[in-house]
Structures are given as C-alpha cells and as structure tokens.
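Trainee: So that we are looking at the same thing, I have put the structure below in structure tokens.
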Amino acid sequence: MQTILSIGIDAFAYGMALFIICIGLSLTMGLMRVVNLAHGAFAMIAGYIASYAARDLGLGYAIAIFLAIIGTIILSIPLERFLFRRIYGSSELTQVLMTIGITFCVIGITNYFFGPTLKTIPLPESLAQPVDVGFKTIAAHRLFVMTCGLVVAAGLWYLIERTAFGIRLRATVDNAAMADALGVRTQVVYAVSFAIAIGLAAFGGVVGAEFLPIEPYYALRYMVTFLVVVSVGGAGSILGAVIACLVLGAVDTTGRYLMPEFGNFFFYAAVIAIVCIFPRGFFGKAQ
Amino acid sequence: MPTMAQTEKLAAAPIPGSRAVRDVVGVILIIAAGLAGFWLFPDNLALLTRVIAVALLVLSIDLVVGYCGVATLGQAALFGAGAYAAGIACVNGVTEPLTLILIGAVAGAVAGLLMGTIMLRAHGLAQLVLSIAIVQLFHEAANKASAYTGGSDGLAGLMVGPLFGVFEFDLWGQTAYLFGLALLVVIFIVLKFVVSSPFGMLCRGIKEDPIRIGAMGAFVFPVLLKMFVISGAVAGIGGALAAISTQVVGLDSLSFELSANALVMLVLGGLGSLYGALVGTVIFMGFEHVVSAINPFHWMTMVGALLIAVVLAAPGGLSGLADRVLPSRQRNRGGRA
Amino acid sequence: MSDLFRVEGLSKSFGGLAVSRNISLAMPAGERLALIGPNGAGKTTFVNLVTGQIRPSAGRVVLNGEDVTELGAVRRVRQGLVRTFQVTRLFSDMTPEEHITLTILQREGKAARILARFHGNSEVAEEVEGILGTLGLIEVARRRVGEIAYGQQRLLEIGIALALKPKVLLLDEPAAGVPSSETPRIEQALERLPPSLAVLMIEHDMDLVFRFAKRVVVLAAGEIIFEGLPSEVAANAKVREAYLGNYANARSVA
Ligand SMILES: Nc1ncnc2c1ncn2[C@@H]1O[C@H](COP(=O)(O)OP(=O)(O)OP(=O)(O)O)[C@@H](O)[C@H]1O
Ligand SMILES: [Mg+2]
C-alpha cells in the first residue's frame, strides 16, 4: 500500500513536471503546426540560467525562475524571427531537420561554455523539507510541482477558451487567411503563442529539474519523451496532454520502481500500443 | 522543342540508353573512389569500412524517406537487427562471412517488416514518434537480453572465418574493406534497378500523392511495406558488415542518435538520390572524424549549423545543388537531355 | 436491370451539414450525363461518395448489378469506377508518358514489380502512345508535368482515367481553370471518349454541358432538383431560381 502510494505520488509529480514542459510543445504543434524538436533546448537553457542565478549569484528561487523565463524568451526571439518563421508551413521533415539542427547547436554551445557536468538549482528551505499531508509525508517540492502543473493547465485553459486573445488564437488556427482578413494580426498571434510556449518550457525546465536534471544533453535525452507526450495526448489538446503525462508518468515510474532492470522498455512498449490505437492521440483533432 | 512531324508518334525512347551509360559511369566512379581510399588511407581502413556500413544504412533510409516520403528517425533499429543477428550467429559458430551477411539481411528485412507494419498505421507526427519508439524499444530489449547481446558491454569476440575460405580478415582491415566495397557496389547496382523499376516509380508516386495512386487503383500499404522490407535488408547488411569488420556489436548500433545522424547524412547528400546518400555519408563521416578528434562538441555545433544551412539554403542537399549548378546532370527523368 | 451503374439514396453529412441528401441516379452504358449545380452544391462530394474516397452515411452504390458500397476506393477503381479530380492531382516530377505507363502497368497488375523495367517496355509503349495521341499530348510526352500547360495537365488527368479502361467515368470539372483558348482540345477529347463508356461530367461551362450531355441532372444543396433533357434545363423555373440565378452570381464572384 505504501509503495503504491509512493509510486502514485511520484508519478503524479513527475507527470505534472512533464506536462509543464510539454504543453508548450503541444501548443506549437497543434496550433502552429510546427514540429519543434528544439523545445527541450529551451527548457535546458532556462535551467542553466536558473542555476546560474540561484547558485552562482545566490538569488532567490522565485527570482531565478522569473529570470530564467524572461531570459529564455528573450533568447528565443531572434531564433523565432530568423529560423522558425522560415519553417512555418513547411513539411514535417524540414521542420524536424531544422529543429534538430538548432538542438545540436544548443548542445554544442552549452557544453563549450558550461562543461558537461550536471547543473543543480538549489531549492529554498521551504521546498526542500517534507510536508505532512495527513496520511503521508511528501517532499514539499513534489507538492509544489503538482500545484504548478494544475495552475498551468487551468490558466492555459482559461486563456484559450475565455479570453479575447484565445479567440484570436483559435481563429488563426482554424483559418489563418480568414483571421487575417478579419483583422486579426496573425503574425503577432504566432509570435505571442511562441513566446508563451517557450516561457512554459522554461518554467517547466526549472521546476522539473529535480526529475529531469539539467545537463548539456538534456535537449536530446528528453526530446523523445516530449514528442511522445504530445503525440499520445494529441497535439494542441490541454486535457490530452494532462492525461498523456499522467499515463506515461505512471508507466515510467511504475516500471522504474518495480522492474528497474527493464529500463524504459515498458514506456516505449506503451507508447507504441497507444499510438497504434489512437493514431491522433487521445484528444487529437481530426485533420 | 521538337514539335516537328511527330504529332502522333512518340520517338523511340532514347532515355534508357543514356541513363544506363550514366549509371555505369556512376558505378565506375564509386569503385574508383573506393579503391582510391584503399590506396590513400591504408591506416584508416577500419574507419572507411565503417563508412561503408553506415552508407548502407543511409541508402536504406533513402529508400523509405527519399523515395517513399515516410519520415523515420528509427532506421538504426534495422541496422542493429542485422548487426546483432550476424553477431549472435557468429558467436554461436556460424563464421562464414557471406552467410553472416545473409543472416543480417534476413534479420533486417524481418525487422523492416515489423517496423513497417507498425509505422504505416499512423501518419505525420505519430509516425515519426512510432519510429523513435521502435528504435528505443529495440535498444532497451537488446540491453535487457544481455545473455544474448552482451547488454551494455556489447557483444564482443566475433571470430569470423576467411572469406570464400581463402581470405582471412586481417589486422589492417584490408579484406574487410574490400569485402565491404564489393557489397556496397553490388547493393548500389541492385537498388538502382529497384528505384527505376515500376515499383520504384509507384513509390515515387506514393511519395507525392498517395490519394492519386489510390485513384489509379493501386494499394499504397503493401507497396510501402515492401519498400520497408527491402530497406530493412539493406540496413541489415550494413549492420552485419559493421559486426564482421569490427568484431563487436554495441548498443550504439541500435540508437536513436545513429538514426538521426544517418538521416542528417542523407539530407546533406540529397534525399531521393542514391548518389546523394553515398556522398552525404562520406562527407559527414570524414568531417566528423577530423573535427570530433579536436572536440566532440564542436562537431555537434557544426552538424547543427550545417543542418540549418541545408534547410535554409539547399533543400535538395548537395546533389540538389549539383543539379542546379550542372543542368546536364539533371536527374530529370523526362529525358530530352 | 439494364443500368450499368446506379446509386440509391446516397446521403452524407459532415457534422450537422447535410452535403448529400438521398441522391438516386442510374446510368446505362454509353450514357453522357452532366451533373451541374451551384458552388458548394455537393457535386464533388457526390463523386467522392461514388468512388469511395469518403463513406456515405446511407445509401448504396451499384456497379454492374453488384453492390460496391462496402468496397474501398482502390477496389472500385479496379471494378471500373474511375474519376478525375477537380484540381489536378499529378506527379509534378514525372512526365505524361510516365503517368500513363504507370497507370497501364497498374491496370495490368504489374506496377509493383521490382524485376521489370519501367522505361522502354514496347507493348505498353504502344498503348501509351495511343492514349497520348488521342489527347494531343505527344509533343509534351517527355516534359515534366510541372512544366506543361494547365490545359494539358487536365487532358492528362483524363488520359490517366482512360488508361484504366473504366466502365463508368466521372469527370469533375474537366475544363476548370483552363483558358478558353484551350477548351476546344478538352472538348475534342471528350467527344473521342469510347462510346460504350458511361460518362458523368460535372461542369460549370454551360455551353460545354449542352453540347456534351444527352441528359442533365441538377444538384442544389445536396439534393437532386431536376433531371431531364438539356433543352429543358434552361426553361425549368425551379432550376432557374435555384441554380442558374446563383450560377450567374457565382460566376461574377469568381
Ligand atoms: N470534408 C469535409 N468536411 C466538411 N465539409 C465539407 C467537406 N467536404 C466538403 N464539405 C462541404 O460540403 C459542401 C459541398 O462541397 P463540394 O465540394 O461537394 O461542392 P461542389 O458542388 O463540388 O462545389 P464546387 O462547384 O465549388 O466544386 C461544401 O459546403 C463544403 O464546404
Ligand atoms: Mg467540386
């Protein structure tokens, strides 16, 4: 019983960390139709910034997160302007190649400047200790990640379904030319959505660093996991991404607890089964 | 344009002839380049043999991606299947090199059949993800089945018998290299026939518009599956060659990274061109050898920059560039050259 | 039953939008039928339903007395139910000669052969030449399709369909997008279609319709509102209102 609980809590926290990182990717793919394999690179960049701010400059955790998000978005602007914009609407293969190229560059450069070692982001006192939630004590950081995940999910849902920006976004996605004709500045919508996606990747990269440690190969190591989450959940679907993260987080965590010697075997077997049964993901839109 | 008196008659096609001449010249060039490598870099024959093995992998990707338009990041699964099959057979007493190559081809083909059956169920992103998941699954399985595969230590100590019972695989890798070169040339010629057969044309059609092919009354799935099997056999031969020449099989032969790198080589050389696949492999691995000796991370940065540059500036890869620069070499199957 | 081809009660809706409503139609061999209707009437959808690109919500498609509703698009083509596309779907890198060759090889069940040559196959070449000749495409037979005139591409669409030796041919706006200087070639090609073939043509060019068709069916909002002789169409009040009025508008918009 205790094991099941532990697995459940770990899986949930891990799933939520995945969710925060992946939902940005899901939005870029579902809404902007860009297969961005470099998504993880942004999460990693944020991790490096946060680590530098918190560890080397001694700034607070919250400030480090904030700086990481802002810094990553600023870094992403020229990339969006000069590289990503060239592949909107291109074939999948082109997008894959370009974004793998970006990923490789980021990995190479990061390693050149920061070396191959793991970078930690020190947690503040309040998050480092366990919390008693009645039936069990849980690391406060896990609770924090879960809360962040739920807040992000709710916030995004509100943004897309209930705000003026959300309406413009959905209109642009449905029919960019028509939205343009109706006065929606689609370029701006794209740029803002891209920034939101990157910001979420950055946020997830920092708060999820306990689960997905920050190192130069981060972007490549977890590229597959992120892609898998999006295609299992269905690109562009928030609910789908939540469910995919929870299911895959559960499969992964359970596998690691119960059959560590099998590594990721069950994770990938589950992925193949799910994708074969739901080729568009749990909540993918029919094309 | 020849509008002359031939309004109702099609001139006897001059195409096959000129095409054949071009291909013969191409094959001779490949052999010449291969032999030149043999004389010029006698100390690097192991690397050159590795280049040939990977070139086979890249050719196999070209069949699927370049000729059929199915994007895959998991082709190393087929390469690794061939490598492990040959390796395991060798450890268990099958030491005749041609038999081992055959075993690799069969294993690759079977893996290709499996991979195609799974991947062709999906489209687009899901298909790409399936390809990655399959190679990762193979990787994990090989890691787990360490009793047969040696797990993360790799399968070492393959003792391959002499080729045709005469030529020992020597320390300098001369036999291995020449054997590999011969394999490559034979496979290249076979693939030339495959891609210019009716089947090859059908694949090109599917790549451009599967609905049109359906409206012509042809089923798409079996054709693509067939190509997956052929491509698996080619990749499997590449894997078996790698196993025979290095006498070890490592988990890296089943990796996502190898798949991605091989795809990069293909794109660099030019999708949908068999020559492009070879050129891309040679250039990529040559540079890799030089640059990564200095610093492996510079190499990553360079590959990344190169990929971006190819996408932005030369979507057809090097062979595409060559086509643009040298119109006489136009692969334009229209003939009228 | 002398009908070569028949649909019964064919219906289809996309979400809440009923695009085909209870369409029934029969064609004997050799029939020349025009299907007309305003933009968005559901004409292309009807062709898609008949050839199996999409599945009907209800109804049957019968060819030669055999129910083919459950068959996929490929099998229907093999049974002789062939279409052309409103917007050409050709392989821009291939030549017309290669298109027709591939189609013929497919029809003969030889298209998936690896141990055969594609180019320089003399029996097929003769037939290819025949088809390209009838369509006046010999001149451009070895040019890339991407380089030839749109009118010629439309002719090639018809050529591909003919190479399949269809029993029923559905032409979706064969002259759409073709400059008027080139329409006579298309009309000529239509006149030369094999006499036993049942042809259903969708077309907006009314002159072409009147010259080509012996019978006209008018579709509006997914429903057949008229069926009769070409000479009666223009006079029919219902059609005038539902179609020709709209048609004039549609044309001025386009
Ligand atoms: N896949 C689909 N999903 C939803 N609606 C569709 C789909 N295909 C067609 N429609 C709708 O069905 C209606 C009929 O379309 P269809 O293409 O059959 O018209 P048409 O008569 O061929 O028009 P046109 O003269 O412009 O070619 C249109 O309103 C169209 O928007
Ligand atoms: Mg239409």
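Trainee: Within region C:200-221, identify whether any single residue is small (Gly, Ala, Ser) and either within 16 Å of ligand 1 (Cβ to nearest atom) or within 14 Å of chain B (Cβ to nearest Cβ) (or both), and answer yes or no.
Mentor: Yes, the conditions are met somewhere in region C:200-221.
Trainee: Being of a type in the set (Ser, Thr, Tyr) and more than 22 Å from A:Gly204 (Cα to Cα) is the filter here; which residues of region A:126-176 pass it?
Mentor: A:Thr137, A:Thr163, A:Thr172
Trainee: In region A:173-195, which residue that is in contact (Cβ under 8 Å) with a residue 24 or more places away in the chain and open to solvent by 20 Å² or more (accessible area, probe 1.4 Å) is farthest from the chain's Cα centre (by Cα)?
Mentor: The selected residue is A:Val173.
To keep it simple, each residue is scored yes or no on (1) surrounded by fewer than 22 Cβ atoms within 10 Å (Cβ to Cβ); (2) out of contact with any Ser or Thr (no Cβ under 7 Å at 6 or more places or on another chain).
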{"residue": "A:Arg170", "(1), (2)": "yes, yes"}
{"residue": "A:Ala197", "(1), (2)": "no, no"}
{"residue": "A:Gly204", "(1), (2)": "no, yes"}
{"residue": "A:Val207", "(1), (2)": "no, yes"}
{"residue": "A:Pro216", "(1), (2)": "no, no"}
{"residue": "A:Val228", "(1), (2)": "no, yes"}
{"residue": "A:Gly234", "(1), (2)": "no, yes"}
{"residue": "A:Leu248", "(1), (2)": "no, yes"}
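Trainee: Another question, if that's okay. Which residues, taken from region C:198-219, are within 12 Å of the chain's Cα centre (by Cα) and either without any contact (Cβ under 8 Å) to a residue 60 or more places away in the chain or more than 16 Å from ligand 2 (Cβ to nearest atom) (or both)?
Mentor: The answer is C:Ala198, C:Val199.
Trainee: To continue, here is another question. Give the number of residues within region B:279-312 that are away from every other protein chain (no Cβ under 13 Å) and open to solvent by less than 20 Å² (accessible area, probe 1.4 Å).
Mentor: 2
Trainee: Could you grab me the full set of residues in region A:18-47 that are more than 14 Å from chain B (Cβ to nearest Cβ) and open to solvent by 20 Å² or more (accessible area, probe 1.4 Å)?
Mentor: If the condition is that a residue be more than 14 Å from chain B (Cβ to nearest Cβ) and open to solvent by 20 Å² or more (accessible area, probe 1.4 Å), then A:Ile45 is the only one that fits.
Trainee: Take C:Thr103 and decide whether it is more than 15 Å from ligand 1 (Cβ to nearest atom) and within 13 Å of chain B (Cβ to nearest Cβ).
Mentor: Answer is yes for this residue.
Trainee: Related question: Could you identify the single residue in B:Leu113, B:Leu181 that is crowded, with 19+ Cβ neighbours inside 10 Å, away from chain A (no Cβ under 14 Å) and in contact with a Gly (Cβ under 8 Å, 6 or more places away or on another chain)?
Mentor: B:Leu181
Trainee: Which condition does C:Thr88 not pass, out of (1) more than 16 Å from ligand 1 (Cβ to nearest atom); (2) assigned to a loop (DSSP other than H, G, I, E, B), if it passes all the others?
Mentor: (1) is the only condition that C:Thr88 fails.
Trainee: Is it the case that region A:147-163 has a residue that's open to solvent by 30 Å² or more (accessible area, probe 1.4 Å) and under 25 Å from A:Thr99 (Cβ atoms)?
Mentor: yes
Trainee: How do the pairs read when you match residues in region A:257-269 that are more than 7 Å from every other protein chain (Cβ to nearest Cβ) and assigned to a helix (DSSP H, G or I) with residues anywhere that are of a type in the set (Gly, Ala, Ser) and open to solvent by less than 50 Å² (accessible area, probe 1.4 Å), using Cβ under 7 Å and keeping only pairs 6 or more apart or on different chains?
Mentor: Note: pairs meeting the criteria are A:Phe266/A:Gly255; A:Phe267/A:Gly255.
Trainee: Pick from region A:1-17 the residues that are out of contact with any Cys (no Cβ under 9 Å at 6 or more places or on another chain) and buried (at least 22 other Cβ atoms within 10 Å of the Cβ): which of them is farthest from A:Phe211 (Cα to Cα)?
Mentor: A:Ala11
Trainee: State the number of residues belonging to region C:13-28 that are away from every other protein chain (no Cβ under 14 Å), away from ligand 2 (no atom under 16 Å from the Cβ) and either small (Gly, Ala, Ser) or more than 17 Å from C:Asn48 (Cβ to Cβ) (or both).
Mentor: Count: 7.
Trainee: Taking into account only those residues within region B:215-232 that are open to solvent by 10 Å² or more (accessible area, probe 1.4 Å) and over 23 Å from B:Val58 (Cα atoms), which is farthest from the chain's Cα centre (by Cα)?
Mentor: So, considering only residues that are open to solvent by 10 Å² or more (accessible area, probe 1.4 Å) and over 23 Å from B:Val58 (Cα atoms), the one farthest from the chain's Cα centre (by Cα) is B:Phe219.
Trainee: Just name the residue that is farthest from C:Ala175 (Cα to Cα) out of those in region C:14-32 that are within 9 Å of ligand 1 (Cβ to nearest atom) and of a type outside the set (A, V, I, L, M, F, W, C).
Mentor: It comes out as C:Gly15.
Trainee: Further, regarding this structure: Please determine, by comparing only the residues of region C:82-110 that are β-branched (Val, Ile, Thr) and within 16 Å of ligand 2 (Cβ to nearest atom), which one is surrounded by the most Cβ atoms within 10 Å (Cβ to Cβ). Please lay out each step first, then the result.
Mentor: Here is the first cut: in region C:82-110, the residues β-branched (Val, Ile, Thr) are C:82, C:84, C:87-88, C:95, C:100-101, C:103-104.
Cutting the leftovers down to within 16 Å of ligand 2 (Cβ to nearest atom) gives us C:84, C:87-88.
Values: C:Thr84: 24, C:Val87: 10, C:Thr88: 18.
Here the residue is C:Thr84.
Trainee: Mind checking which residues of region B:86-108 are farther than 20 Å from B:Tyr148 by Cβ and open to solvent by 20 Å² or more (accessible area, probe 1.4 Å)?
Mentor: Scanning region B:86-108 gives B:Glu96, B:Leu98.
Trainee: Could you please give the count of residues in region C:33-62 that are touching a residue at least 60 places away in the same chain (Cβ under 8 Å), more than 9 Å from ligand 1 (Cβ to nearest atom) and within 14 Å of chain B (Cβ to nearest Cβ)?
Mentor: 2
Trainee: Here's something else I'd like to know. So which of C:Ala176, C:Ala111, C:Ala189, C:Ala116 is touching a residue at least 40 places away in the same chain (Cβ under 8 Å) and part of a loop (DSSP other than H, G, I, E, B)?
Mentor: When all the criteria are applied, what remains is C:Ala176.
Trainee: Any idea how many residues of region A:59-90 are open to solvent by less than 60 Å² (accessible area, probe 1.4 Å) and farther than 23 Å from A:Thr28 by Cβ?
Mentor: 3
Trainee: Testing C:Gly30 on (1) assigned to a strand (DSSP E or B); (2) farther than 28 Å from B:Gly205 by Cβ, one condition comes back false. Which one is that?
Mentor: Result: C:Gly30 passes all but (1).
Trainee: Looking at region B:186-203 only, could you name the residues that are open to solvent by 40 Å² or more (accessible area, probe 1.4 Å) and in contact (Cβ under 8 Å) with a residue 12 or more places away in the chain? Talk me through it step by step, then tell me what you get.
Mentor: Looking only at region B:186-203, we keep the residues that are open to solvent by 40 Å² or more (accessible area, probe 1.4 Å), and these are B:186, B:189-190, B:192-193, B:196.
The answer is B:Ile189, B:Lys192, B:Ser196.
Trainee: Criterion first (of a type outside the set (D, E, K, R) and over 19 Å from the mean Cα position of the chain (by Cα)) does B:Phe199 satisfy it?
Mentor: Considered against the rule, which asks whether it is of a type outside the set (D, E, K, R) and over 19 Å from the mean Cα position of the chain (by Cα), B:Phe199 comes out as no.
Trainee: Here's a follow-up. Collect the residues in region C:29-49 that are within 13 Å of ligand 2 (Cβ to nearest atom) and in contact with a strand residue (DSSP E or B) (Cβ under 7 Å, 6 or more places away or on another chain), keeping them in residue-number order. Walk me through how you get there before you give the answer.
Mentor: First pass over region C:29-49, keeping only residues within 13 Å of ligand 2 (Cβ to nearest atom): C:35-49.
Once the filter is applied, which keeps residues that are within 13 Å of ligand 2 (Cβ to nearest atom) and in contact with a strand residue (DSSP E or B) (Cβ under 7 Å, 6 or more places away or on another chain), region C:29-49 yields C:Leu35, C:Ile36, C:Gly37, C:Pro38, C:Ala41, C:Gly42, C:Lys43, C:Thr44, C:Thr45, C:Phe46, C:Val47, C:Leu49.
Trainee: Between A:Gly47, A:Gly40, which is in contact with a strand residue (DSSP E or B) (Cβ under 9 Å, 6 or more places away or on another chain) and at negative phi?
Mentor: None of the others qualify; the one that does is A:Gly47.
Trainee: Right, here's the next one. Find the residue count for region C:220-235, including only residues that are in contact (Cβ under 8 Å) with a residue 12 or more places away in the chain and not in a helix (DSSP H, G or I).
Mentor: 10
Trainee: If I ask for residues that are touching a residue at least 60 places away in the same chain (Cβ under 8 Å), within 14 Å of chain B (Cβ to nearest Cβ) and polar (S, T, N, Q), which ones from region A:94-149 would you list?
Mentor: Within region A:94-149, A:Gln95, A:Thr99, A:Thr103, A:Thr110, A:Asn111, A:Thr117 meet the criteria.
The values are calculated or read from the model by the stated rules, or taken from the named source; none is laboratory data. Owing to the predicted nature of the structure, the values given are computational and were not obtained by experimental measurement. Cβ sites come from the backbone with ideal geometry, for glycine too, and all protein chains shown count toward neighbours. What goes into the accessible areas is simple: the full protein's heavy atoms, side chains included, and nothing from ligands, DNA or RNA. Shrake-Rupley method; radii C 1.70, N 1.55, O 1.52, S 1.80 Å.
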